[in-house]
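What follows is one structure encoded as structure tokens, with my remarks underneath.
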Amino acid sequence: FLVSNILLDAAEEGAEAEEERALKAVEREIEELLRVVKGSSADWIVVSNEVGAGVVPSYPLGRYFRDALGWTNQRFAEQADEVYYLIAGKALPLHTLTVEGDDLQE
């Protein structure tokens, strides 16, 4: 809900959310949340929807959401020790994947 709430707030500021303004608002909030997570001694579990495997939304705010949530998922995955893709009741460990000798983990 975090990304959608930020985008809806940005949309309320004008007739329609301007992509750059909306994405910057998401970026600021997510970077602040990541700072909190990094500074915490707690174990964090972040659950998010996957947005890149579906149809491209036909309306601007839907496309902004898809782009912003995709970017958010990437940022959290970069910082995570473990990343799973859940499909059909199965958890696929993405953090262990490699592509022909090229380790996907950084």
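Can you tell me how many residues within the range 32-62 are touching a residue at least 24 places away in the same chain (Cβ under 8 Å) and part of a helix (DSSP H, G or I)? Spell out the reasoning first.
The initial filter retains those residues of the range 32-62 that are touching a residue at least 24 places away in the same chain (Cβ under 8 Å), namely 33-34, 37-38, 46, 48, 50, 60-61.
If we keep only those that are part of a helix (DSSP H, G or I) as well, we get 33-34, 37-38, 60-61.
Residues in the range 32-62 being touching a residue at least 24 places away in the same chain (Cβ under 8 Å) and part of a helix (DSSP H, G or I): 6 in total.
With respect to residue 64, is the statement that it is at negative phi, modelled with pLDDT under 95 and open to solvent by less than 40 Å² (accessible area, probe 1.4 Å) true? Working first, answer last.
Details: at negative phi: yes; modelled with pLDDT under 95: yes; open to solvent by less than 40 Å² (accessible area, probe 1.4 Å): yes.
When the stated conditions are applied, residue 64 passes them.
Please go through the range 63-97 and pick out each residue that is of a type in the set (Val, Ile, Thr) and either in contact (Cβ under 8 Å) with a residue 40 or more places away in the chain or under 19 Å from residue 34 (Cβ atoms) (or both).
72, 83, listed by residue number.
Filter the range 6-27 down to residues that are surrounded by 11 or more Cβ atoms within 10 Å (Cβ to Cβ) and either modelled with pLDDT of 85 or more or in a helix (DSSP H, G or I) (or both), then give me how many there are.
Count: 14.
Please go through (1) open to solvent by less than 80 Å² (accessible area, probe 1.4 Å); (2) among the hydroxyl-bearing types (Ser, Thr, Tyr); (3) under 17 Å from the mean Cα position of the chain (by Cα) for residue 84 and return the number of the only condition it doesn't satisfy.
Result: residue 84 fails condition (1) only.
The values are calculated or read from the model by the stated rules, or taken from the named source; none is laboratory data. Given the structure is predicted, the values throughout are model-derived calculations rather than measurements. Neighbour counts are summed over all protein chains in view; Cβ atoms, including those assigned to glycine, are modelled from backbone coordinates with ideal geometry. These area figures cover heavy atoms from the full protein model, side chains too; ligands, DNA and RNA do not enter into them. Shrake-Rupley method; radii C 1.70, N 1.55, O 1.52, S 1.80 Å.
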